[in-house]
Structure formats: structure tokens, C-alpha cells
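For reference, the structure is listed below as C-alpha cells.
The values are calculated or read from the model by the stated rules, or taken from the named source; none is laboratory data. Predicted, not measured: the structure shown is a model, and the values here were computed from it. Virtual Cβ from ideal backbone geometry, glycine too; neighbours counted across all protein chains shown.
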Amino acid sequence: MAQRPSLKNVTATLGITGFLAVGLVACGGGGSAPATTNTPEAATPAASSASASASATPSTAASTAAAAAVPVNSTLTAPGTKLKAGEPAVTHTNTGKDKADPKYTEAVFTSTLTGVVAGTTEDFAKFKDAAKFAGQTPYFVSVSHRMDSLSRVSLGISEPRVTAQLKDGPDAQSLIVFGAFDQCASTRFATTGTGDSLSLVVGSTMVSCQVFLAPAGDEVTTVEYTDTKYIYANYSDNPYLKNPISWTK
């Protein structure tokens, strides 16, 4: 399939935990404004925040060792690498542009596509505005991430994100939801420490589940990583924009 730069499907941080359907992400630069739903908040959250995962934190001694800052020296998976579901890629994210800044943080992950599951139109039945999704099939795309290294003790780093593509090549539209689908559960990295020492745990894993839409007669066939969560000094420096890592089912 043709490769191309993509900024779509970037999910805004919403400052709440648990899943509530809030709208469709606009397609591409200059696309239409996101649609919104008015579904009541689900009673049981499907994803927990990083801070909430502290309740499942390993023993203090083990966690302290795991959370210690680790040099970031892994070899990243090359742009353009084509993988099958279940095959890992080495990815990364960061905060800040200046590595001399004491708050600059970088993390390296082993990321693996673990599932692309088609739902049905009945999955939208709980939405008050379900009619707007007529003719759309939800796809639940799950990616696991293991944090391999963290440049400093920090909670302020997020996992890589992916986009999904339809069988003829265009990006599938992303649906921002919180807790609406039992088939799409996410987990968070473990945390350890307290106060200024509170940190994500190196070696811990998480699962990120995103929802994408396919029109009737189409399907999600490919998942791509374009490294847009990594902050480059110049946007054009990102080698993955035109040559993403891709997974096929």
C-alpha cells in the first residue's frame, strides 16, 4: 500500500478515566469538526490512569530498582519495516526537544500489534446518537507496549500510538471512546515510588486499545506507527512519516 504522512487520529488527552463516547476524530488536516455523542458515562471504566495503576504496583524494593533511570540506547525498528500481527517493533516517545533540559524524558518500548477485532453495528446501540454510525463497523485495535528504558524517573511519558488503514489504503477514521466497548479494554504501566520519586516502572507492560471505523463493505487490514508522538526539533526530521512501521493481520 502507498505510504504517506499522517497526523490524523491524534487523540486529545481528556483528563478523565473510563470510557465515554465523545466523538469522531476529523480525517486529515483541514477535515470536518468531530461529531459528538451524548451517551451517559459507562459505570465501569475500561481503562485506568497511570496513577490508578499504583494499586497494582510490585513490591517497593523491586519497583525501585525497575524504575531507576536507564540509558536510552536501543536500536529502533527501521522506518518502512513490515511486520505481521504478533511481531514486535522497537519504538519510542519523548517529552521536550532539548536533551540538555533536565525535564527532557525519553522512553523506548517494544510494541506489538496483538489484535484487530471487528465489531458489529449493534455495538453502537448504547449510544443515544447511534444512528450516525449506520453503515460503519467498529474495529478494536490492541497494541501491547513493554517499557524497555526510561531516561529519568518520570510519570510524564505516554506510549506510542498507531493509526489503522482500510483495505484500499486510506486511513480509517478513529473513534474517541471511554468505556463504551467491552471488547476494547486498555491497561496502564505500573508505577512505583512517592512524591518526586513517583515513576513508571521500566519492564512493565500495558495494552492500548483504539477504536477505528470501517464503512460497509470495507475493513481494517493494516496498522501503522508513524512516530508522531516523538517530538523532533523539526517535524520533517521524522523518518517514519513517509515510511511508517506497518503490521498486517
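Can we say Gly156 is in contact with a strand residue (DSSP E or B) (Cβ under 7 Å, 6 or more places away or on another chain) and farther than 25 Å from Thr222 by Cβ? Give the derivation first.
Details: in contact with a strand residue (DSSP E or B) (Cβ under 7 Å, 6 or more places away or on another chain): yes; farther than 25 Å from Thr222 by Cβ: yes.
So Gly156 passes the test.
Check the range 150-161 and report whether any residue there is surrounded by fewer than 22 Cβ atoms within 10 Å (Cβ to Cβ), modelled with pLDDT of 95 or more and either among the β-branched types (Val, Ile, Thr) or under 26 Å from Glu122 (Cβ atoms) (or both).
Among the residues of the range 150-161, not one is surrounded by fewer than 22 Cβ atoms within 10 Å (Cβ to Cβ), modelled with pLDDT of 95 or more and either among the β-branched types (Val, Ile, Thr) or under 26 Å from Glu122 (Cβ atoms) (or both), which makes the answer no.
I need the full set of residues from the range 74-91 which are of a type in the set (Val, Ile, Thr), surrounded by 13 or more Cβ atoms within 10 Å (Cβ to Cβ) and without any contact (Cβ under 8 Å) to a residue 60 or more places away in the chain, in order please. Please lay out each step first, then the result.
Start the filter on the range 74-91 by keeping residues that are of a type in the set (Val, Ile, Thr), which leaves 75, 77, 81, 90-91.
Applying the additional criterion that residues be surrounded by 13 or more Cβ atoms within 10 Å (Cβ to Cβ) yields 77, 81, 90-91.
Scanning the range 74-91 gives a single hit, Val90.
Any idea which residue in the range 219-234 is surrounded by the fewest Cβ atoms within 10 Å (Cβ to Cβ), counting only those that are touching a Leu at 6+ places or on another chain (Cβ under 8 Å) and not polar (S, T, N, Q)?
Here is the first cut: in the range 219-234, the ones touching a Leu at 6+ places or on another chain (Cβ under 8 Å) are 219-221, 223, 226-228.
Next cut, not polar (S, T, N, Q) only: 219-220, 223, 227.
Values: Glu219: 14, Val220: 23, Val223: 27, Asp227: 20.
Once the filter is applied, the top-ranked residue is Glu219.
Quick check on this structure: which one of Val108, Val177 is crowded, with 19+ Cβ neighbours inside 10 Å, touching a strand residue (DSSP E or B) at 6+ places or on another chain (Cβ under 9 Å), of a type outside the set (Asp, Glu) and closer than 18 Å to Tyr240 by Cα?
Values: Val177 fails: closer than 18 Å to Tyr240 by Cα.
Residue meeting the stated conditions: Val108.
Please go through the range 130-157 and pick out each residue that is of a type outside the set (Ser, Thr, Tyr) and closer than 19 Å to Thr77 by Cβ.
Of the residues in the range 130-157, the ones of a type outside the set (Ser, Thr, Tyr) are 130-136, 138, 140-141, 143, 145-148, 150, 152-153, 155-157.
Within the range 130-157, Val141, Val143, His145, Arg146, Met147, Asp148, Leu150, Ile157 meet the criteria.
For the range 229-249, which residues satisfy the criterion of being touching a Lys or Arg at 6+ places or on another chain (Cβ under 9 Å), modelled with pLDDT under 95 and closer than 25 Å to Gly156 by Cβ?
Hits for the range 229-249 are Lys229, Ile231, Tyr232, Ala233.
Which one of these does Ala125 not meet: (1) farther than 13 Å from Glu224 by Cα; (2) under 19 Å from the mean Cα position of the chain (by Cα); (3) not polar (S, T, N, Q)?
Going through the list (1) farther than 13 Å from Glu224 by Cα; (2) under 19 Å from the mean Cα position of the chain (by Cα); (3) not polar (S, T, N, Q), Ala125 breaks only (2).
Of all the residues that make up the range 162-174, how many are of a type in the set (Asp, Glu) and buried (at least 17 other Cβ atoms within 10 Å of the Cβ)? Lay out the reasoning, then the answer.
Initially, the range 162-174 is screened for residues of a type in the set (Asp, Glu), giving 168, 171.
Now narrow it down to the ones that are buried (at least 17 other Cβ atoms within 10 Å of the Cβ): 171.
The total comes to 1.
Let me confirm something: among Ser111, Ser142, which residue is under 16 Å from Val177 (Cβ atoms) and at pLDDT 90 or above?
Working: Ser111 fails: under 16 Å from Val177 (Cβ atoms).
After ruling out the rest, the residue left standing is Ser142.
Which condition breaks for Pro79 when tested against (1) at pLDDT 95 or above; (2) not in a loop (DSSP other than H, G, I, E, B)?
Among (1) at pLDDT 95 or above; (2) not in a loop (DSSP other than H, G, I, E, B), the lone unmet condition for Pro79 is (2).
Go through the range 174-224 and give me each residue that's under 27 Å from Glu122 (Cα atoms), modelled with pLDDT of 95 or more and aliphatic (A, V, I, L, M).
Val207, Val211, Leu213, Ala214, Val220, Val223 - these are the residues of the range 174-224 that are under 27 Å from Glu122 (Cα atoms), modelled with pLDDT of 95 or more and aliphatic (A, V, I, L, M).
From (1) in a strand (DSSP E or B); (2) out of contact with any helix residue (DSSP H, G or I) (no Cβ under 6 Å at 6 or more places or on another chain); (3) buried (at least 22 other Cβ atoms within 10 Å of the Cβ), pick out the condition that doesn't hold for Pro138.
(2)
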